[in-house]
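**Student:** The structure follows.
The values are calculated or read from the model by the stated rules, or taken from the named source; none is laboratory data. Note that the structure is predicted; figures quoted are calculated from it, not measured. With ideal geometry, Cβ positions are generated from the backbone for all residues, glycine too; neighbour counts draw on all protein chains shown.
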Amino acid sequence: MSRGILITFEGIDGCGKSLIMGMVRDWLADEGYPVLATLEPGGSEFGQAFRKMLLESSFGSLDAQTETLLFMVDRSRHVEEIIRPALLRGEIVLCDRYIDSTLAYQGGGRGLNQEQLRIMNDFAVKGVYPDLTLLLSLREELAASRLGDSKDRLEQESLEFFRRVAAVYAALAAAEPRRFRVIDAGAEPQQVFIQAQTQIRMVLPPRRG
């Protein structure tokens, strides 16, 4: 394939997307696909410092605008340093959070203007959009119960915050049914993985060799 595929994994904290993405990465590698797994924030070496500022409580509170701008700087560098080169090499890129997290968390959770966030996203990714987005859907109460005692700054938000986030995710999925696939994340991990596997098979190119 001349260009790779970008598959993003989205959902509220505690939905299990990182676990499922790891299972997908191992499966694709076993199948012989060139695969790269990355994440936001902090997917690039440059962005690791931003991840600490954004998620570690020791850095203190951040206002919504500053938080958003830090995410955008991280995303812009992530695309240029990691995602775009991998796609040009023909790899399948798996990304734990991407543009939709901004719309859901900073838009839904923080209440920032969605259209302004879309413009900022467009500026940051410079044409690199997901081919497929898997939204792991889970009740907010169950997701919260899965989080351990050591929570990052965003994981410490209220249930009402996560309800707003989940509502925006649902609206995004409804608005773009060709890109989004909603997966029931309340099942056992193997069953969630099978759901993800089924959806990903639909966009995979033929294996090389």
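**Student:** So, in region 134-165, of the ones that are under 30 Å from R84 (Cβ atoms) and not polar (S, T, N, Q), which residue ends up modelled with the lowest pLDDT?
**Tutor:** Here the residue is R153.
**Student:** Same structure again: Restricting to region 170-187, name every residue that is of a type outside the set (D, E, K, R) and more than 10 Å from T133 (Cβ to Cβ).
**Tutor:** Result: A170, A171, A174, A175, P177, I183, A185, G186, A187.
**Student:** Sticking with this one: Conditions: (1) surrounded by 13 or more Cβ atoms within 10 Å (Cβ to Cβ); (2) part of a helix (DSSP H, G or I); (3) of a type in the set (A, V, I, L, M). A174 meets all but one. Number of the miss?
**Tutor:** All conditions pass for A174, except number (1).
**Student:** Separate question: Among the residues of region 172-191, write down those that are within 16 Å of the chain's Cα centre (by Cα) and not charged (D, E, K, R).
**Tutor:** L172, A173, F180, V182, I183, A185
**Student:** While we're here: If a residue counts only when it is at pLDDT below 95, which helices (runs of 4 or more DSSP H) contained entirely in region 42-118 have at least 2 such residues?
**Tutor:** Correct list: 48-55, 64-78.
**Student:** Something else: Going by what's in this entry, would D131 be described as crowded, with 23+ Cβ neighbours inside 10 Å, modelled with pLDDT of 95 or more and under 16 Å from F9 (Cβ atoms)?
**Tutor:** Considered against the rule, which asks whether it is crowded, with 23+ Cβ neighbours inside 10 Å, modelled with pLDDT of 95 or more and under 16 Å from F9 (Cβ atoms), D131 comes out as no.
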